[in-house]
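**Student:** The structure follows.
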Amino acid sequence: MGRGHLIVFEGADGVGKSTQVGLLAAWLAAAGRAAVVVREPGGTPVGEAIRQLLLQPDHVMEPLTETLLFGAARHEVVERVIRPALAGGRVVLADRFTLSTVAYQHFGAGVPRAHVDTVNDWATGGLVPDLTLLLTAPVPRLTHRDRMEQRDDGFHDRVREGYRMLSREHEEDTSPSGWRRLVVLPQEGDTARVAAAVLDAVRPLLDGEEGRGA
Ligand code: TYD
C-alpha cells in the first residue's frame with residue numbers, strides 16, 4: 001500500500017482549480033491510485049451546511065465569524081475524511097485548504113493573522129499538506145457570483161496579492177526528501193499546459209514513495 005499524501009490546490013477565484021483537481025484525479029485513477037477528493041468549505045454533511053451559510057449571497061456576517069465557520073468546516077473534513085484517508089494510504093486532493101483562509105480572511109478581509117493562524121491550527125490539529133499547488137491566472141474568470149465572489153475588486157486584488165506574499169513566505173519550504181512543498185504554477189498557458197505542470201510537481205512526491213517503507 002502506498003503512503004498517504006495530501007495534495008492541496010490553492011488560488012484566487014476563477015483560476016481553474018476545480019478543473020485541475022478533476023484532471024489530476026483522473027490521472028491518478030488511471031495510474032491505479034484513485035484519490036479522495038474534497039472541497040472546502042464542504043466535503044462532509046456539516047461542512048456542506050456551513051458552506052450554504054457562508055456562500056449565501058444575502059448573508060451578512062463579521063469577518064471573524066466567517067473565519068470561524070471556515071475553520072469549523074475544515075475541522076470536520078480533516079477529522080472525518082482526510083485523516084482516515086491518509087491513514088489508509090490514500091492520496092487526498094483538496095480544493096482549497098489553510099492558505100485560503102489566510103489569503104481571503106486575513107489579506108482580503110483584514111482579520112488579524114494571529115487569529116487566522118490559530119483557527120487554522122485548531123482546525124487541522126497541525127496536519128500540513130505534502131504539496132500545495134498555487135494556481136495563478138492573469139485574468140480570472142468569475143462565471144457565477146456567490147457571497148464571496150460578489151465582493152468588490154479591491155477585495156479580490158488583496159486576495160491575489162496575499163497569495164503572492166504567501167508564495168514568497170513558503171518558497172523555502174521543502175519536504176524531508178527535497179520536493180517543494182509549495183509550487184506556483186505558470187501564469188500563462190491553457191488547461192493542458194497547466195495540467196502538465198501539475199503532473200511534474202506531483203510525480204516526485206509519488207515516485208519518492210519507493211525506499212521510504214511505503
Ligand atoms: P467555491 O465556489 O468553492 O470557489 P472556488 O471554486 O473558487 O474554490 O467557493 C469558495 C469560496 O470561499 C471562494 O470564494 C473562496 C472562499 N474561501 C474563503 O474565503 N476562505 C476559506 O478558508 C476557504 C476554504 C474558501
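**Student:** Would you be able to tell me the number of residues in the range 175-193 that are polar (S, T, N, Q) and surrounded by 12 or more Cβ atoms within 10 Å (Cβ to Cβ)?
**Tutor:** Summing the residues that are polar (S, T, N, Q) and surrounded by 12 or more Cβ atoms within 10 Å (Cβ to Cβ) in the range 175-193 gives 2.
**Student:** Which condition does Val37 not pass, out of (1) surrounded by fewer than 18 Cβ atoms within 10 Å (Cβ to Cβ); (2) over 30 Å from Ala114 (Cβ atoms), if it passes all the others?
**Tutor:** (1)
**Student:** Here's a follow-up. Pick from Val15, Val21, Val37: which is in contact with a Leu (Cβ under 6 Å, 6 or more places away or on another chain) and in a loop (DSSP other than H, G, I, E, B)?
**Tutor:** Val15
**Student:** Which of the residues that make up the range 165-200 are under 19 Å from Leu93 (Cα atoms), at pLDDT 90 or above and hydroxyl-bearing (Ser, Thr, Tyr)?
**Tutor:** Hit for the range 165-200 is Thr191, nothing else.
**Student:** Determine, yes or no, whether Gly162 is over 14 Å from Leu133 (Cα atoms) and modelled with pLDDT under 95.
**Tutor:** No; evaluated as a whole, the condition is false for this residue.
**Student:** Out of everything in the range 91-127 that is in a loop (DSSP other than H, G, I, E, B) and touching a strand residue (DSSP E or B) at 6+ places or on another chain (Cβ under 8 Å), what residue ends up being nearest to the ligand (Cβ to nearest atom)?
**Tutor:** Of everything passing the filter in the range 91-127, Arg96 is nearest to the ligand (Cβ to nearest atom).
**Student:** Now, a different point. Kindly establish whether Glu66 is within 13 Å of the ligand (Cβ to nearest atom) and part of a helix (DSSP H, G or I).
**Tutor:** It is true that Glu66 is within 13 Å of the ligand (Cβ to nearest atom) and part of a helix (DSSP H, G or I).
**Student:** Would you check if there is a residue in the range 130-152 being surrounded by 19 or more Cβ atoms within 10 Å (Cβ to Cβ) and in a helix (DSSP H, G or I)?
**Tutor:** no
**Student:** Taking the stated definitions as given, is Arg164 surrounded by fewer than 17 Cβ atoms within 10 Å (Cβ to Cβ) and either touching a Ser or Thr at 6+ places or on another chain (Cβ under 6 Å) or touching a residue at least 60 places away in the same chain (Cβ under 8 Å) (or both)?
**Tutor:** So Arg164 does not fit the description; no.
**Student:** Mind listing just one residue for me: the one in the range 41-63 that is in a helix (DSSP H, G or I) and under 17 Å from Val116 (Cα atoms) and, of those, farthest from the ligand (Cβ to nearest atom)?
**Tutor:** Here the answer is Pro63.
**Student:** May I ask you to list the residues in the range 92-133 that are touching a Gly at 6+ places or on another chain (Cβ under 6 Å) and among the aliphatic types (A, V, I, L, M)?
**Tutor:** Within the range 92-133, Ala103, Val119, Ala123 qualify.
The values are calculated or read from the model by the stated rules, or taken from the named source; none is laboratory data. Just so we're clear, the structure is a prediction, and the values are computed from it rather than from any experiment. Don't worry about glycine lacking a Cβ; one is built from the backbone with ideal geometry, like all the others, and counts go over all protein chains shown.
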